[in-house]
Amino acid sequence: MEDLRFQHRVRARAGGTRQSAIVGVVASGNLEVLVERVLPDAECALDIKTAAIGFGEVWTAVIGDFVERYSPGGLRFSINDGGARPDTVSLRLAQAVRSIAENGQ
Amino acid sequence: MTAPLKDITPAERARSTSFYEASARTRLDLLLDAGSFVEFIGPEQREVSPHLKIFDLPEQFDDGIVVGRGRLDGAPVFVAAQEGRFMGGAFGEVHGAKLTGLLRAARQVASIPVLILFDTGGVRLQEANAGELAIAEIMRAVMEARAAGVKIIGLIGGRSGCYGGGGLIAGCCSALAVSEPGRIAVSGPEVIETNRGVEEFDSRDRALVWRTMGGKHRRLLGAADVFVDDNVQDFREAALELLGLVGPFGLDSLKAEQERLADRLRRYGACFDAVDIWTAEGIAHAETVPELPADQFIALADRIGRTSRDAR
Amino acid sequence: MTLDDILTALFPDGHEVRNDKGVLLGTATLRSGDSMLVLGVADRTALGVDEAIRLSGHVLRSIGRDSGPILVLVDSDSQRMSKRDELLGLNEFLAHLAKVLIHADMNGRPTIGLLYGHSAAGALLATGLATRVLVGLPGADPAVMDLPSMAKVTKLSMEALEEKAKSTPVFAPGLSNLTQMGAVHLTWSHAAPLADQLEALLADMPAARDGRDALGKARGGRLKAAEIAERVRDLALQAR
């Protein structure tokens, strides 16, 4: 297992009122993303535990694109990764942002 | 997951969602009354397995099981749903303890039923002793709850089926609903083949797996009380139906089960294949049973009429 | 010790326990003069549908007719791994046996399991692990999962697994691991008469509630289970 951590300054707070959401499942080629609204509005953080070792640069690129596109201000993402491909990672991150953007608890 | 479609009802969405394909969370979301689910020890608590790191394996925040409460047609229920894609839905220490705690609460409350959405390969190998013991504790807790008057319904139709100790827990429930892909067994096909050879069981012969362990055979045997099509709404309706049918549990249930199982051995103990059993049940062209669409199969199973009601 | 030795040592006042193809059925006389129902699996026999239905029948016939505690002797293989057993619904037969034992225990017939040889997986769940108190005899070698199978699935060498097993009781076979987990309550000694140890246990049986998770925690083998179960229980009770 390899632990990776990313922190970004972002331009805007993520939408919605939910405090947390979870998407995905930990399996081969899949991952789960737990997203929580716990940070200041201009920050976001991602903590990743991945079974695929040595892909730090790929994660850096995928997450850079994601933060730029969604501006997930105030959100902390905790990721358990079973070795998902970059497109699957992008999809789950987008789903996580959409889920927490819904109104509710 | 797709964006929520505003113009379809929850029931329509549940009807169009495959139970087999859905995640544990989606199953609960669509099975229960909309918005009624409240989770106990959710993923944000990060109560992961303390043992997987020994094997350098990834953890899941809910350890592969979602437990909580919700409502079914307005009435409160306790629910547990296993995630069959995470480590095959297998029982580990934390995973099992969540279900044990839920059942112990149900026993104390005595009036709220429990739905268990099984999806499991059995004991989690990497924490085998803890998983085995968790299953023993769950079986004990199921029986104590049933003795206190709690109805416990098992719903089986997930990717990992209901194998190993999961099959034993299912055997302890008040009633079961099963879909065609919902296999119920103790030893899995690969386990039998590995231990006894391909002549005993060819695990790659999927038709053999389905007709020996699959939902249709279990329904015809009377091991499962209701057969449902593979969608969440049908499971919801089956759960409601079974909650209405389950009677009290006591010594008479166990005596009736002894007779039911002994009778099964007398009738079918010499049968070599499921088709032989179905033929002995008087089903014409029994070899076509696996191809029957759900509605025709349900009519057939109802005509054969075997259930385990009041005998489990 | 052979099974005959064990039975003689447990019941010096006599027993009528027959071993029929690995299925043990009978009764024995306790020092007090009371009788004890005895059942079990011997000779490392696999527990299949045919064996399970006889064992559950033995207990059910006794309920209501007799009184006193029940002893379940265990030296079994795993569950019988066969097409026929699964075809006939082995999960129901094993569950039924466990249910009958649990029901008896909850209704005035306290159950003791005595693990004197091997056992594994579904066979252990339906017998020893379905009793109130599971006792080990020195030399018993239960294995929920055997290491060769585990090596195959985890793709780790036997050496690597054995090394990991030194630091945790959570996965590897053996009586001491199951004891640390809280599955085996106590191990008897060959230094004292088995009849005395049985008598002492019967005189001091724990309550019928399942305390195995607390036992595993106290012994340092299973640190999370009791706490998680308790937290879920509390949350569920609050939610009413």
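What number of residues within segment C:155-177 are facing chain B (nearest Cβ under 8 Å) and in a loop (DSSP other than H, G, I, E, B)?
Residues meeting the conditions: 7.
If B:ILE156 satisfies every condition in (1) facing chain C (nearest Cβ under 7 Å); (2) within 16 Å of B:VAL226 (Cα to Cα) but one, which is the exception?
(1)
For segment C:178-240, which helices (runs of 4 or more DSSP H) that fit wholly inside it have 2 or more residues that are surrounded by 17 or more Cβ atoms within 10 Å (Cβ to Cβ) and out of contact with any strand residue (DSSP E or B) (no Cβ under 9 Å at 6 or more places or on another chain)?
Hits in segment C:178-240: C:212-218, C:225-238.
Name the single residue, out of those in segment B:78-117 being in contact (Cβ under 8 Å) with a residue 60 or more places away in the chain and in a strand (DSSP E or B), that is farthest from B:ALA238 (Cα to Cα).
Ranking the qualifying residues of segment B:78-117, first place goes to B:PHE91.
Can you tell me which of (1) part of a loop (DSSP other than H, G, I, E, B); (2) surrounded by fewer than 17 Cβ atoms within 10 Å (Cβ to Cβ); (3) more than 14 Å from chain B (Cβ to nearest Cβ); (4) modelled with pLDDT of 95 or more is the one A:LEU39 doesn't meet?
Evaluating A:LEU39 over (1) part of a loop (DSSP other than H, G, I, E, B); (2) surrounded by fewer than 17 Cβ atoms within 10 Å (Cβ to Cβ); (3) more than 14 Å from chain B (Cβ to nearest Cβ); (4) modelled with pLDDT of 95 or more leaves (2) as the failure.
When the residues of segment C:133-154 are filtered to those that are at the interface with chain B (Cβ under 10 Å from one of its Cβ atoms) and in a loop (DSSP other than H, G, I, E, B), which remaining residue is nearest to B:ALA136 (Cα to Cα)?
By that ranking, first place goes to C:VAL144.
Please state which of the following conditions C:ASP105 fails to meet, knowing it meets all the rest: (1) within 15 Å of C:GLY128 (Cβ to Cβ); (2) part of a helix (DSSP H, G or I); (3) touching a His at 6+ places or on another chain (Cβ under 9 Å).
C:ASP105 satisfies all of (1) within 15 Å of C:GLY128 (Cβ to Cβ); (2) part of a helix (DSSP H, G or I); (3) touching a His at 6+ places or on another chain (Cβ under 9 Å) except (3).
Restricting attention to helices (runs of 4 or more DSSP H) lying wholly within segment B:186-238, give those where 1 or more residues are under 17 Å from the mean Cα position of the chain (by Cα) and in contact (Cβ under 8 Å) with a residue 24 or more places away in the chain.
Fully inside segment B:186-238 and qualifying: B:206-213, B:215-221.
Tell me whether segment B:136-149 contains one or more residues that are out of contact with any Leu (no Cβ under 8 Å at 6 or more places or on another chain), surrounded by 24 or more Cβ atoms within 10 Å (Cβ to Cβ) and either more than 8 Å from chain C (Cβ to nearest Cβ) or assigned to a loop (DSSP other than H, G, I, E, B) (or both).
Yes, that holds for at least one residue.
Any residue in segment B:169-183 that is in a helix (DSSP H, G or I) sitting within a Cβ distance under 8 Å of a residue that is buried (at least 24 other Cβ atoms within 10 Å of the Cβ) and of a type in the set (D, E, K, R)? List the pairs, counting only those 6 or more apart or interchain.
Partner pairs satisfying both residue conditions: B:GLY171/B:ARG312; B:GLY171/C:GLU92; B:GLY171/C:LYS99; B:CYS172/B:ARG146; B:CYS172/C:LYS99.
Please identify the pairs in which a residue from segment C:41-52 that is outside any strand (DSSP E or B) has its Cβ atom under 6 Å from the Cβ atom of a residue that is buried (at least 19 other Cβ atoms within 10 Å of the Cβ) and of a type in the set (D, E, K, R), counting only partners at least 6 apart or on another chain.
Going by the 6 Å Cβ cut-off, the qualifying pairs are C:GLY48/C:ARG80; C:GLY48/C:ASP85; C:VAL49/C:ASP85.
Evaluate the following for B:ARG69: is it farther than 20 Å from B:CYS162 by Cβ, facing another protein chain (nearest Cβ under 9 Å) and touching a residue at least 12 places away in the same chain (Cβ under 8 Å)?
Yes, satisfied.
Return the residues of segment B:17-54 that are at the interface with chain C (Cβ under 10 Å from one of its Cβ atoms) and part of a helix (DSSP H, G or I); say none if nothing qualifies.
Matches in segment B:17-54: B:GLN45, B:ILE54.
Of all residues being over 18 Å from the mean Cα position of the chain (by Cα) and within 13 Å of chain B (Cβ to nearest Cβ) in segment C:58-81, which is nearest to B:ARG196 (Cα to Cα)? Just the residue, please.
Across segment C:58-81, the extreme among qualifying residues is C:MET81.
Looking only at segment A:62-69, decide whether some residue is at pLDDT 95 or above and outside any helix (DSSP H, G or I).
no
Could you tell me which numbered condition B:ASN195 fails, if it satisfies all but one of (1) closer than 28 Å to B:LEU99 by Cα; (2) within 11 Å of chain C (Cβ to nearest Cβ); (3) not acidic (Asp, Glu)?
(1)
The values are calculated or read from the model by the stated rules, or taken from the named source; none is laboratory data. Quick caveat, the model's predicted, so the values are computed rather than measured. Neighbour counts are summed over all protein chains in view; Cβ atoms, including those assigned to glycine, are modelled from backbone coordinates with ideal geometry.
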